[in-house]
């Protein structure tokens, strides 16, 4: 074989080797691209939402879990129980911004799935009966106009009767419970109910009743006297009975 022919064959072998190596490199690169595509196409795990639950209670009772602020994952099922101390009774839950759907605020134990930040307050009141000679008809319900805290003429007459009864029976105390109708947010209506109860308290004080004999609380729209009036402006007669302050007698 001539030197020229041998050199030509060697060059062909070299070219074939380079071509084979290049094909392998390209193949590996394509495989890597495919792997990259597989990795990048994996779905992103959803973010788990968490919410805070704040539990409050009055000095006349406890709760289980105890009062405090807790963090829970969304839709976690939660059970809370109110435990009044001796001589007191549970008087309902109040919730801000709103009581979870399907929960009866008058139940001592409530269970719900958390779907947002929530504050629960367990209300406790003294468990005593008024003296037998106190006429509860002297303590009439005070009604208010929509979104108002002003006392009308009928309310002033009713509060005058209540003040006379309290002067006649100096050992009784009164709880003024503020309420609102079902329109508006729960947090707003809790504040509105409290403002109405405070107006009633201030008026009784102006009649000479000692401030320590009048307590106030607010249930906002959680305890309508006429339930299911709806969150609208159609059934005004139904709503009117929910905008009120109830005077409940508490004996010492």
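Bear in mind that the values in this text are calculations on the coordinates, not laboratory data. Being a predicted model, the structure only gives us computed values, none of them experimental. Ideal geometry is used to build each Cβ from the backbone, glycine not excepted, and the neighbour counts take in all protein chains shown.
Could you sort the peptides 242-248, 135-141 by per-residue average Cβ neighbour count (10 Å cutoff), highest mean leading? Before the final figure, lay out the partial values.
On the way: 242-248: 21.6, 135-141: 14.4.
Result, highest mean first: 242-248, 135-141.
What is the antiparallel percent of DSSP beta bridges lying wholly in segment 136-251, to the nearest 5?
Numbers: 9 of 14 bridges.
Within segment 136-251, antiparallel bridges account for around 65 percent of the total.
Would you mind ranking 172, 205, 214 so that the residue whose beta carbon has the fewest other beta carbons within 10 Å leads the list?
In increasing order of surrounding Cβ atoms, one gets 205, 172, 214.
Kindly identify segment 50-126 as rounded, prolate or oblate by the Cα gyration tensor criterion: order the square roots of the eigenvalues as a ≥ b ≥ c, call it rounded if a/c is under 1.5, otherwise compare a/b with b/c, prolate if a/b is larger, else oblate. Could you put the intermediate results ahead of the total?
Values: a/c = 2.24, a/b = 1.77, b/c = 1.27.
Prolate.
How would you rank 115-123, 99-107, highest first, on the average number of other Cβ atoms within 10 Å across their residues?
Values: 115-123: 18.2, 99-107: 13.7.
The densest-packed peptide leads the list: 115-123, 99-107.
I need 206, 60 ordered by Cβ neighbour count within 10 Å, fewest first.
Neighbour counts put them in this order, fewest first: 206, 60.
Give me 112, 219 sorted ascending by neighbouring Cβ count inside 10 Å, so fewest comes first.
Taking fewest neighbouring Cβ atoms as first place, the list is 112, 219.
Take the alpha carbon gyration tensor of segment 109-218, find the square roots of its eigenvalues, order them as a ≥ b ≥ c, and report rounded if a/c is under 1.5; if not, report prolate when a/b exceeds b/c, else oblate. Mind showing how you got there, number by number?
Numbers: a/c = 2.56, a/b = 1.54, b/c = 1.67.
Oblate shape, in that a/c is at least 1.5 and b/c is the bigger or equal ratio.
If a/c stays under 1.5 just call it rounded; otherwise compare a/b with b/c (prolate if a/b is bigger, oblate if not). Do that for segment 159-252, with a ≥ b ≥ c from the square roots of the Cα gyration tensor eigenvalues.
It comes out prolate by the Cα gyration axes.
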